[in-house]
Amino acid sequence: MISSLSEAGFNTEIYILWKVLLIKSDYQIVAKDIVEKNPKIIGFSTWCFSYPSAILIAKAIKALSPELPVVFGGPQASILDEETMKEYPFIDFILKGEADESLIKLLKYILSNGKNHDISQIEGLTYRIPGKKKKIMHNGGYGFIENLDSLPIPSYERIFQKEHLRLDVGRGCPFKCTYCSTNQFFSKSYRVKSAIRIIKEIDYCRKKLDVNHFGFSHDMLTLDKKYINTLCETLIDHYNSRKIELTWSCSARTDCVTEEMLKAMWNSGCRAIFFGIESGSEKIQKQIKKNLDLKDAFRKISYATSLGMKVIVSYMAGFPGETAEDIDKTLRSVLLMAMAGAEPQMTLLSVLPGTPLYEQYIDKLEFDGKSFGFSGSSITGPVIDLVKTNRHLFSSFYFLPNKNLGRTELLFISNMVNLLIHFIPTIQSIKEYLESDISDFPLYHFIKKNTPVKSDKRLITERGLYFLTESFRQYLEYLTSRGLKEYIFDLFQADFTKAYMQVTYNKWQFIRSSVNKLSKTSNTISINNYMKVLPVWKIITTMYNIHHLANNHLTLLGKTQLKRGSYHYIVLPVSEKYCELIPVSGKYLVILENLRDMKVKKFIDYCKPVLDENGSRRLLKKLLRLGIVELTKNN
């Protein structure tokens, strides 16, 4: 979009939201910041989870600058254009569908005050007619780009995130899953960029940004087997001949891949793949029109992990008519996927506009402030107040009651499944026991009976982690009489510590971002700076060298031989989802075990029994780089 606008002669700026929006004044501060940049037009790309915030920011902007045009686009506004325009008079225009071309026409119309440009010819536009009581009008059509290669290369450097650069490789999905709005927004038309064009975009990013890993952004990349073969062959021919190590990831359906295709993808650099399974119940599969063969899905996912691929498998709970038996089947599927080396995740059903479920159940939705679906993990303040006013516009923040399943138990189960990612090494190490023990075990009823949380949503993550940890611990103790290997207890210690530190890290990050005034940090080591120890890491000691297994659970698929001794590790989060174990040598252990806040000069003195000044500075640099400490000018 930015490239298309630049090519048409427009100057653009992406506003990076720097403030956590908790109270009304936060929105006013952000609006003031935006208006002070003197834009001529403000545009919002809208999604279900960000829709309330977009509306609140737009309202605050209009309060400061009533004449500043506000344009909405994206999936949520496209589907709810008329309802949004009626409800919120401060939104001036909505562009439906893919706005790569229609936005350019609209901007020309606005900036020329309507001269020489016919607003009625802008495809997919919803707008108000001045002077006619601001009557809402709809132009025909729906923004749609047939040939994606015709668009300019996106300005990836403007939205660059080093850990996760996503290439726009295609759009559209022809499937008709009842919960999904993707096919509504993209007109159900499956399109992909040519292999040559994808190569051009990769080379553009490599030159501009010096990256070699790419996420291929497409909801259903592997629909056309011939195309995937061509893409893989083109990637291999282009990069292998140049000895360039390039890796990529994508999303797919298990019924749209084969083992041969997965092997070709692996050979061309695909190292991660996302599959939506949604339910382990054949009944629910048919009901939501996903229609996956679950045995076939498991076989293909197992093959992908055996290649070495990171596989993320997504589930949902809370479908209409879902029963305890259905949830049991889903939980068994979750554990089976984890045993195969895949990383399961779960959301609760969000009833999205434009879907069959929305049309059927919109009037039955309820709101309880616990939004654990697509909308995110929590909402606060002004967003809650806005969401409660209109279930039609903000349905993704509501839930569909189920007479068979308790809301609290479903929230708890969803949360626990998302914590399982940290326990996969333990799960894989005991899979020979789990496979038989879970075959007829009533998992949902066990969780419901033992759920240690009733209504306090603030502690659901902590209590879920405690419940999960205790359940595994008791099961492992039970397995000791059945020949459980001793190293597995070390692995389990590492896993639950990773989970605990991940929860701690995410809470700490949120608290830090919520504080308006933070101490200015520095990466320059000065003896007068103050060293603050961050609360996001922990040291553990094990009897076996489990480093490789704990960091790369796929190695458990082979034979395991571990050295016995005394080993020490730092458990450290490296992102919002993942932790690593970092080995600690003996000479650093005493320093780290007693590390506390102090001046840099005192830290150097503190290290003297073990390290000279240069060694102390090198250690401090490493601690800074890892995020174990930070330096500030003041205490």
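Residues considered: ASP210, ASP219, ASP255. Of these, the only one that is within 26 Å of TYR315 (Cα to Cα) and over 23 Å from the mean Cα position of the chain (by Cα) is ASP255.
In region 370-474, which helices (runs of 4 or more DSSP H) lie fully inside it and hold 1 or more residues that are over 20 Å from ILE55 (Cβ atoms) and at pLDDT 90 or above?
In region 370-474, the matching helices (runs of 4 or more DSSP H) lie at 407-419, 424-429, 431-437, 443-450.
Is there a residue being among the small types (Gly, Ala, Ser), under 35 Å from the mean Cα position of the chain (by Cα) and part of a loop (DSSP other than H, G, I, E, B) anywhere in region 142-152? No - not one qualifying residue is present in region 142-152. Filter region 609-635 for residues that are free of Cβ contacts under 8 Å to residues at least 40 places away in the same chain and either closer than 25 Å to TYR567 by Cβ or surrounded by 12 or more Cβ atoms within 10 Å (Cβ to Cβ) (or both) and give the result. Result: PRO609, VAL610, LEU611, GLU613, GLY615, SER616, ARG618, LEU619, LYS622, LEU623, ARG625.
Please specify each residue of region 332-358 satisfying the condition of being charged (D, E, K, R) and either modelled with pLDDT under 95 or not in a helix (DSSP H, G or I) (or both).
Listed by number, the list holds a single entry, GLU343.
Applying the criterion of being of a type in the set (S, T, N, Q) and surrounded by 13 or more Cβ atoms within 10 Å (Cβ to Cβ) to the residues of region 26-57, the residue that is farthest from SER350 (Cα to Cα) is GLN28.
Do we have SER575 as hydroxyl-bearing (Ser, Thr, Tyr) and part of a strand (DSSP E or B) here? When the stated conditions are applied, SER575 does not pass them. Please go through region 581-590 and give me each residue that is without any contact (Cβ under 8 Å) to a residue 60 or more places away in the chain and surrounded by 14 or more Cβ atoms within 10 Å (Cβ to Cβ), ordered by number. Across region 581-590, the qualifying residues are ILE582, VAL584, TYR588, LEU589. Number of residues in region 199-248 that are acidic (Asp, Glu) and buried (at least 16 other Cβ atoms within 10 Å of the Cβ) equals 2. Within the bounds of region 140-159, is there any residue that is at pLDDT below 95, under 20 Å from SER251 (Cα atoms) and among the charged types (D, E, K, R)? Within region 140-159, not a single residue is at pLDDT below 95, under 20 Å from SER251 (Cα atoms) and among the charged types (D, E, K, R). Restricting the search to region 253-305, which residues are out of contact with any Cys (no Cβ under 7 Å at 6 or more places or on another chain), free of Cβ contacts under 8 Å to residues at least 40 places away in the same chain, part of a loop (DSSP other than H, G, I, E, B) and surrounded by 16 or more Cβ atoms within 10 Å (Cβ to Cβ)? Listed by number, the residues that qualify are GLY269, LEU292. Any residue at all in region 187-195 that's farther than 19 Å from VAL313 by Cβ and touching a residue at least 60 places away in the same chain (Cβ under 8 Å)? Yes - at least one qualifying residue is present in region 187-195.
Candidates LEU400, LEU420, LEU410, LEU405: the one that is touching a residue at least 60 places away in the same chain (Cβ under 8 Å), buried (at least 20 other Cβ atoms within 10 Å of the Cβ) and either basic (Lys, Arg) or within 23 Å of LEU80 (Cα to Cα) (or both) is LEU400.
Scanning region 233-252 for residues that are among the small types (Gly, Ala, Ser) and either within 17 Å of PHE216 (Cα to Cα) or in contact (Cβ under 8 Å) with a residue 60 or more places away in the chain (or both) yields SER249, SER251, ALA252. In this structure, is ASP92 over 27 Å from PRO356 (Cβ atoms), at pLDDT 90 or above, in contact with a Phe, Trp or Tyr (Cβ under 9 Å, 6 or more places away or on another chain) and crowded, with 19+ Cβ neighbours inside 10 Å? Criteria met by ASP92.
Taking GLY308, is it more than 30 Å from HIS238 (Cα to Cα) and in contact (Cβ under 8 Å) with a residue 40 or more places away in the chain? The answer is no for GLY308.
Can you tell me which residues in region 206-237 are among the hydrophobic types (A, V, I, L, M, F, W, C), under 16 Å from ARG191 (Cβ atoms) and not in a helix (DSSP H, G or I)? PHE216, MET220, listed by residue number.
Whenever a residue of region 542-557 is more than 25 Å from ALA304 (Cβ to Cβ) and outside any strand (DSSP E or B), it has no partner that is of a type in the set (S, T, N, Q) and modelled with pLDDT of 65 or more lying with C-beta atoms less than 9 angstrom away and at least six residues away or across chains.
Restricting attention to region 96-107, does a residue exist that is surrounded by fewer than 16 Cβ atoms within 10 Å (Cβ to Cβ) and more than 31 Å from the chain's Cα centre (by Cα)? No, that holds for no residue.
Is at least one residue of region 161-180 farther than 23 Å from GLY143 by Cα, part of a strand (DSSP E or B) and of a type outside the set (A, V, I, L, M, F, W, C)? Scanning region 161-180 turns up no residue that is farther than 23 Å from GLY143 by Cα, part of a strand (DSSP E or B) and of a type outside the set (A, V, I, L, M, F, W, C). Among all positions in region 481-504, there is no residue which is modelled with pLDDT of 90 or more, farther than 25 Å from SER429 by Cα and surrounded by fewer than 16 Cβ atoms within 10 Å (Cβ to Cβ).
The values are calculated or read from the model by the stated rules, or taken from the named source; none is laboratory data. Note that the coordinates shown come from a computational prediction; the quantities given were computed from them, not determined experimentally. In this analysis, Cβ positions are derived from the backbone assuming ideal geometry, glycine residues included, and neighbour counts consider all displayed protein chains.
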